[in-house]
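Trainee: Mind having a look at this structure? Questions to follow.
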Amino acid sequence: MTDTQTRHTAEALAQRFGLVVHGDPQTAVSGVGTLAAATSVQLAFLSNPRYRPQLAATAAGIVVMREADAAGYAGTALIAKDPYVAYAKIAALFEPASDAPVGIHASAVVDPSAQVHASASIGPHVSIGARSVIGAGATLGAGCVIGEDCVVGDGSHLIARVTLVKRVRLGTRVTIHPGAVLGSEGFGLAMDAGRWINVPQLGGVVIGDDCDIGANTTIDRGALEDTTLAEGVRLDNLIQIGHNVRIGAHTAIAGCVGIAGSTKIGSYCLLAGKVGVAGHLEICDHVVVHAMTMVSASITEPGEYSAGIPAQPTREWRKNAVRIRQLDSLARRVTALGKGEP
């Protein structure tokens with residue numbers, strides 16, 4: 001990725017991000033790329049040791065790396081304690097800034113009781129419902145729907161086709177990607193004489209500052225209390241958050257995760273793809289749950305948890321599946337032998 005209008009020297013980048021230059025401090029780059037594909041005017045990074053063999057052949061003008069990896073490297077490098085973090089900060093310099101126009105587009109529909117800050121940007125075909133408030137510098141992209149009694153905090157960015165159904169309150173600098181739905185009715189049901197009736201979902205959704213919510217992710221409003229995300233939470237695409245769920249600060253959740261209602265997840269947790277979490281559980285701080293794991297009981301100790309079965313050849317899986325069905329009888333036989341029974 002290259003932006004010919006923006007060039008940064010190694011020296012300038014080092015000063016800006018607290019790095020150390022190895023090589024020519026005047027080497028300049030105008031974009032970023034991978035070690036294998038970067039050109040002489042692009043910056044790359046080396047973080048994962050498996051890619052170290054690519055370092056000798058890279059054409060990248062600058063490579064961000066650890067000090068240990070720079071030994072013997074003939075090119076220009078920026079030495080960082082965590083190359084991936086340093087790369088993320090540098091790469092942001094090459095992301096074109098959005099130029100959303102300030103004001104309300106002519107095709108937008110704004111309820112008379114809504115409040116829209118003069119510095120906000122309201123795009124085409126946006127709808128803003130009764131008593132909702134749009135903060136300073138907020139951006140609502142094309143097709144966003146803001147329902148009743150919602151708040152979009154200062155500097156928040158709803159990219160396009162985002163729906164806040166009702167009683168959703170966003171903090172400052174929240175980013176929500178296309179197709180996400182917040183504040184929809186939680187899945188509350190009661191059986192009455194053989195028929196389901198819906199339990200009213202009277203709470204809302206509260207999103208903390210600096211959260212990022214992925215495309216087509218859904219967050220249900222609470223039944224009585226609010227569904228809440230603390231500051232800095234990161235949600236990938238296609239995630240389902242049930243009603244009354246609480247997620248702690250700076251937790252990150254990957255795609256296709258489902259979290260059932262009234263579960264509490266701590267701070268600085270990581271949930272990998274397709275994790276399922278049952279309802280009314282608690283997961284403490286600093287927990288990593290690996291992909292395809294089903295969490296059916298509370299987790300009270302920090303650490304890593306796994307339960308998925310990796311892929312294997314079908315023939316081998318079928319043999320193992322037969323053995324799994326035999327485990328109960330085998331366990332009973334072992335127990336009997338331990339007791340001296342025939």
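Trainee: For Ile247, state whether it is crowded, with 20+ Cβ neighbours inside 10 Å and either within 20 Å of Ala215 (Cα to Cα) or out of contact with any Gly (no Cβ under 7 Å at 6 or more places or on another chain) (or both).
Mentor: yes
Trainee: So which pairs qualify, if the first residue must be in the range 129-151 and among the polar types (S, T, N, Q), the second must be in a strand (DSSP E or B) and surrounded by 19 or more Cβ atoms within 10 Å (Cβ to Cβ), the Cβ gap must be under 6 Å, and the two must be at least 6 apart or on different chains?
Mentor: Ser132/Ile146; Thr139/Ser121; Thr139/His157
Trainee: So, one more: Of the residues that make up the range 202-213, is at least one open to solvent by 30 Å² or more (accessible area, probe 1.4 Å) and touching a Cys at 6+ places or on another chain (Cβ under 7 Å)?
Mentor: Within the range 202-213, not a single residue is open to solvent by 30 Å² or more (accessible area, probe 1.4 Å) and touching a Cys at 6+ places or on another chain (Cβ under 7 Å).
The rows are residues; the columns are (1) small (Gly, Ala, Ser); (2) farther than 30 Å from Gln240 by Cα; (3) open to solvent by less than 100 Å² (accessible area, probe 1.4 Å); (4) within 22 Å of the chain's Cα centre (by Cα).
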{"site": "Gly279", "(1), (2), (3), (4)": "yes, no, yes, yes"}
{"site": "Val289", "(1), (2), (3), (4)": "no, no, yes, yes"}
{"site": "Met292", "(1), (2), (3), (4)": "no, no, no, yes"}
{"site": "Gln312", "(1), (2), (3), (4)": "no, no, yes, no"}
{"site": "Val322", "(1), (2), (3), (4)": "no, yes, yes, no"}
{"site": "Asp328", "(1), (2), (3), (4)": "no, yes, yes, no"}
{"site": "Gly338", "(1), (2), (3), (4)": "yes, yes, yes, no"}
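Trainee: Quick one: how many residues across the range 229-254 are farther than 13 Å from Thr218 by Cβ and either in a loop (DSSP other than H, G, I, E, B) or touching a His at 6+ places or on another chain (Cβ under 7 Å) (or both)?
Mentor: The number of residues fulfilling the criteria is 10.
Trainee: How many residues does the range 1-22 contain that are polar (S, T, N, Q), closer than 15 Å to Glu95 by Cβ and at pLDDT 80 or above?
Mentor: 1
Trainee: Here is a further query. So if I check each of Ser121, Ser98, Ser113, which one is more than 18 Å from Ile176 (Cβ to Cβ), touching a residue at least 12 places away in the same chain (Cβ under 8 Å) and among the polar types (S, T, N, Q)?
Mentor: Ser113
Trainee: Could you look through the range 32-49, keep only residues that are closer than 16 Å to Ile79 by Cα and part of a loop (DSSP other than H, G, I, E, B), and pick out the one that is most open to solvent (accessible area, probe 1.4 Å)?
Mentor: So, considering only residues that are closer than 16 Å to Ile79 by Cα and part of a loop (DSSP other than H, G, I, E, B), the one most open to solvent (accessible area, probe 1.4 Å) is Asn48.
Trainee: Considering only residues of the range 58-86 that are in a loop (DSSP other than H, G, I, E, B), at pLDDT below 95 and among the aliphatic types (A, V, I, L, M), which is farthest from the chain's Cα centre (by Cα)?
Mentor: Of everything passing the filter in the range 58-86, Ala74 is farthest from the chain's Cα centre (by Cα).
Trainee: Sticking with this one: Determine which member of the set Gly183, Gly155, Gly137, Gly143 is over 20 Å from Ser107 (Cα atoms) and outside any strand (DSSP E or B).
Mentor: Gly155
Trainee: Does any residue of the range 163-172 turn out to be out of contact with any Pro (no Cβ under 9 Å at 6 or more places or on another chain), among the small types (Gly, Ala, Ser), within 18 Å of Gly214 (Cβ to Cβ) and crowded, with 19+ Cβ neighbours inside 10 Å?
Mentor: Yes, the range 163-172 contains a residue that is out of contact with any Pro (no Cβ under 9 Å at 6 or more places or on another chain), among the small types (Gly, Ala, Ser), within 18 Å of Gly214 (Cβ to Cβ) and crowded, with 19+ Cβ neighbours inside 10 Å.
Trainee: Still on this structure: Within the range 262-277, can you find the residues that are open to solvent by less than 30 Å² (accessible area, probe 1.4 Å) and either over 20 Å from Glu231 (Cα atoms) or not in a loop (DSSP other than H, G, I, E, B) (or both)?
Mentor: The answer is Ile265, Leu271, Gly273, Val275, Gly276, Val277.
Trainee: Here is a follow-up. Give me a count of the residues in the range 10-30 that are among the charged types (D, E, K, R) and either touching a Phe, Trp or Tyr at 6+ places or on another chain (Cβ under 9 Å) or part of a loop (DSSP other than H, G, I, E, B) (or both).
Mentor: Qualifying residue count for the region: 1.
Trainee: Could you look through the range 87-115, keep only residues that are assigned to a loop (DSSP other than H, G, I, E, B) and at pLDDT below 95, and pick out the one that is least open to solvent (accessible area, probe 1.4 Å)?
Mentor: Ala100
Trainee: Got a number for residues in the range 256-273 being within 17 Å of Ile219 (Cβ to Cβ) and out of contact with any strand residue (DSSP E or B) (no Cβ under 8 Å at 6 or more places or on another chain)?
Mentor: Here the count works out to 2.
Trainee: Across the range 173-196, which residue is farthest from Asn244 (Cα to Cα) among those that are open to solvent by 80 Å² or more (accessible area, probe 1.4 Å) and without any contact (Cβ under 8 Å) to a residue 12 or more places away in the chain?
Mentor: Ranking the qualifying residues of the range 173-196, first place goes to Ala193.
The values are calculated or read from the model by the stated rules, or taken from the named source; none is laboratory data. Just so you know, these numbers come straight off a predicted model, no measurement behind them. Positions of Cβ are generated from backbone atoms using ideal geometry, with glycine treated the same way; all protein chains shown enter the neighbour counts. Keep in mind that these areas ignore ligands, DNA and RNA; they rest on the heavy atoms of the full protein, side chains included. Shrake-Rupley method; radii C 1.70, N 1.55, O 1.52, S 1.80 Å.
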